[in-house]
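Okay, so here's the structure we're looking at.
Please treat every number below as a calculation from the coordinates, not as lab data. The structure presented is a predicted model; accordingly, all values stated were derived computationally and were not measured. Cβ: placed from backbone, ideal geometry, glycine included. Neighbour counts: every protein chain shown.
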Amino acid sequence: GAGANGRLTKAVGQRSSARKVDVHLPMESAQTTLVLARPGSYTTDATFRRTPTNALLPLLHAICYRSLGSRLYGVRERTGLFYSCTGAFGRGAGVEHKGMDEIVVRCKPETASSTLAALEGFVRDTTPITERELTSAKALVTSSLVHAVRADRAMETLVDWGLRTGRCDEHSVRDHVRRILDVSLPTMRAFARDVFRAPFLVRVAAGPTSPF
């Protein structure tokens, strides 16, 4: 519930450091929530807006976490160890704060240790991104952008876009779509290797028993 999520967020935020930390939050529940987290890598300041990273991060998010065809969902399908799963790069990032990179799943308490091992294998996986993965991610990310601009909340979307990119017009969205479509496979692979080089230092479990 909301209380459990708040406790998880607080635990992760308080323990984001340069050393590995395990935290168990005991609670009576039929499920265990597991979080792998680390400090984010990028703020949303003007420097970020002008770099290729602004186009690469949404693509990597789509490949790793966003859809049923993503790599995290692939782990769920192959192992059957966990129910729901989400992931994010730089959640809560702003101009001065880099936010948190996080992976969150829910599983049976008795499979929490195995699930944790599967997640750590996921973040260590060095399998190169494929052309098919990149093509699918480009279609997903660009179609979402175009749909958002054309939807009823287009003005709200453009204002948010302006805050994140420094420009607030449909031309800037089209320019960004073009940059996303121009990303090459070698560039995407190199970026993914760099992003996943840093370990996930914080492990949090909320459930009846500790998996650590």
Model label zone, Ala30; criterion: amide N under 20 Å from point 7 Å along Cα-to-beta-carbon; scope the stretch 180-212:
206-210
Please give the length that would be gained between Arg178 and Ser84 if that part of the chain were fully extended, namely 0.36 nm times their separation in residues minus their C-alpha to C-alpha distance (nm, one decimal).
30.6 nm
Taking 0.36 nm per residue of separation and subtracting the Cα-Cα distance, what length does fully extending Asp22 through Glu77 add?
17.2 nm
What is the distance, in nm, between label points placed 7 Å from the Cα along the Cα-to-Cβ direction at Ala190 and at Lys108?
4.6
One would report the Cα pair-distance distribution of the stretch 27-143, bin width 5 Å, in %, as 2, 11, 18, 21, 19, 15, 8, 4, 1, 0
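Report relative contact order for the stretch 29-138 in percent, whole number only (criteria: Cα-Cα under 8 Å, sequence separation at least 6).
Value for the stretch 29-138: 36 percent.
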Once phi for every residue in the stretch 203-212 is put through the Karplus expression 6.51 cos²θ - 1.76 cosθ + 1.60 (θ = phi - 60°), the whole-Hz ³J(HN,Hα) values, with Gly and Pro written as x, are 10, 10, 10, 10, x, x, 10, 8, x, 8
